[in-house]
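Below is one structure, written out as structure tokens; the observations come after it.
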Amino acid sequence: MDRHAWKPFLQRWSQEWRIAHPDEEPDGDPWLGCPPATEEEVRALESRLGCVLPPSLREFLLVTNGWRHAGNFVWSLRGTEEIGWLADLEPMWAEVYADGEEGDAEPAAARSLLISLEADAGVVYLDPGDVDERGEWAAYDVFSWTAMGPERHGSFSEKMYDFYAGFHALDRPQCETQREWDAEVEDARLASLRGEVDRPLAVFAQAERFGRDRASFLHFQMRTLLRQEDDDPFDRLLTGADTRSWTLDEGLFAAQALPLLFAAHDRARRFGSGSTIQHLWERGPQRVKHLLGRYQARRKEPGFRLCFGNPEFDAAAHVALDAGEEAWPRLRDALACWRPLHEDHLAPIALLADPRAARLITPERGRELLATSRG
């Protein structure tokens with residue numbers, strides 16, 4: 001990113017930060033940065049370091065010689081007078097994370113450039129030993145309280161964009177950026193129903209980074225059919241209502257997500273591990289506990305049968321799952337009967353609560369279903 005791209009990006013960030021924090025320095029300049037560094041100041045820094053700075057950091061300094069509120073846990077970035085080697089300025093961090101890099105003759109933490117000035121028990125640094133074809137150095141941030149190792153990004157500009165997305169996810173400023181993401185999410189939703197797969201997945205993933213909760217639920221549905229079931233968003237979407245950007249329809253949640261969550265809960269109990277259902281029982285609001293109780297009671301009723309969606313699809317899907325070797329082609333054909341139960345319903349994810357469908361729908365077959373025009 002050159003200085004002509006940095007300037008409008010940082011100006012937008014500054015304005016949006018002020019929207020989210022109207023009472024902090026209300027009479028101050030909305031610019032979160034500093035006066036730009038001169039070319040001479042940047043060259044003096046490079047001379048002191050004995051190397052040329054990576055392009056995106058160099059251009060950034062020529063726009064602003066430092067930055068405030070870089071991330072939700074990084075309060076300021078260093079300017080040309082303060083940037084230096086991590087091992088010199090924060091030797092404890094260099095030593096701690098060098099210990100974990102076995103087999104590296106020169107651990108990244110020991111050779112890296114410290115760019116954060118104030119942070120919450122953490123540091124941000126760039127690794128001159130990890131350089132791409134553009135001359136960009138990999139960027140890392142690490143915080144002791146996360147109990148996780150350094151998180152890598154391809155460049156300083158990528159790390160700053162990640163900080164910007166994190167600011168949106170936590171502070172939720174009511175601004176044009178959020179409205180733009182919501183419009184993209186709606187476009188991606190319609191594209192998914194038309195049978196597009198990869199573009200909607202990418203849009204939902206990015207919008208989720210910016211705190212767009214609707215994108216989280218839409219993304220979850222696609223990932224469920226692709227059998228990417230490593231995480232679900234419901235603990236977050238159904239608790240902490242003060243910061244939600246969208247409200248999950250309770251009827252849709254009960255009809256499509258609860259069968260999946262209870263099936264996962266049953267599996268977790270067999271292995272003695274926790275589950276989303278357990279967390280929601282413990283920490284969820286009363287209305288969510290009411291939904292859990294109602295569904296749990298239904299499961300105990302004589303003759304209970306999973307419902308996969310609208311009546312036509314539900315009937316066709318049950319017939320398909322009883323068809324033995326013909327189950328998959330019949331289930332695939334049954335998708336022609338599927339209709340969304342709500343505008344936020346992308347796919348018949350309740351199918352995966354049935355062990356027969358869970359065995360039948362491989363990632364490849366899930367993609368085939370998503371690549372079919374639906375509803």
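The values are calculated or read from the model by the stated rules, or taken from the named source; none is laboratory data. Please read these numbers as outputs of a predicted model, since none were measured by experiment. With ideal geometry, Cβ positions are generated from the backbone for all residues, glycine too; neighbour counts draw on all protein chains shown. Please note that ligands, DNA and RNA were not included when accessible areas were found on the heavy atoms of the full protein model with its side chains. Shrake-Rupley method; radii C 1.70, N 1.55, O 1.52, S 1.80 Å.
A109 passes every criterion in (1) of a type outside the set (K, R); (2) crowded, with 19+ Cβ neighbours inside 10 Å; (3) within 27 Å of S14 (Cβ to Cβ) apart from (3). Pairing residues of the stretch 332-354 that are closer than 24 Å to F304 by Cα with residues that are hydrophobic (A, V, I, L, M, F, W, C) and in a loop (DSSP other than H, G, I, E, B), at Cβ distances under 6 Å and at least 6 apart in sequence or on separate chains, gives P348/F308; P348/W338; A350/F308; L351/F308; A353/L306; D354/L306. Screening the candidates L53, L10, L57 for the property of being over 22 Å from W75 (Cβ atoms) and either open to solvent by less than 70 Å² (accessible area, probe 1.4 Å) or not in a helix (DSSP H, G or I) (or both) yields one hit, L53. Looking at the stretch 163-181, which of the residues that are open to solvent by less than 70 Å² (accessible area, probe 1.4 Å) and free of Cβ contacts under 8 Å to residues at least 60 places away in the same chain is nearest to S14 (Cα to Cα)? Only one residue tops the list, namely A165.
For the stretch 205-260, the set of residues classified as open to solvent by less than 30 Å² (accessible area, probe 1.4 Å) and in a loop (DSSP other than H, G, I, E, B) consists of F210, G211, R212, L226, P233, L238, L248, listed by residue number. Residue-level check: of (1) open to solvent by less than 10 Å² (accessible area, probe 1.4 Å); (2) under 13 Å from M222 (Cα atoms); (3) among the small types (G, A, S), A334 misses just (2).
Just to be sure, is A316 surrounded by 14 or more Cβ atoms within 10 Å (Cβ to Cβ), assigned to a helix (DSSP H, G or I) and free of Cβ contacts under 8 Å to residues at least 24 places away in the same chain? Before you say what the answer is, go through the steps one by one.
Working: surrounded by 14 or more Cβ atoms within 10 Å (Cβ to Cβ): yes; assigned to a helix (DSSP H, G or I): yes; free of Cβ contacts under 8 Å to residues at least 24 places away in the same chain: yes.
Here the answer is yes, as A316 does meet what is asked.
Scanning the stretch 32-67 for residues that are out of contact with any strand residue (DSSP E or B) (no Cβ under 6 Å at 6 or more places or on another chain) and of a type in the set (F, W, Y) gives a single hit, F60.
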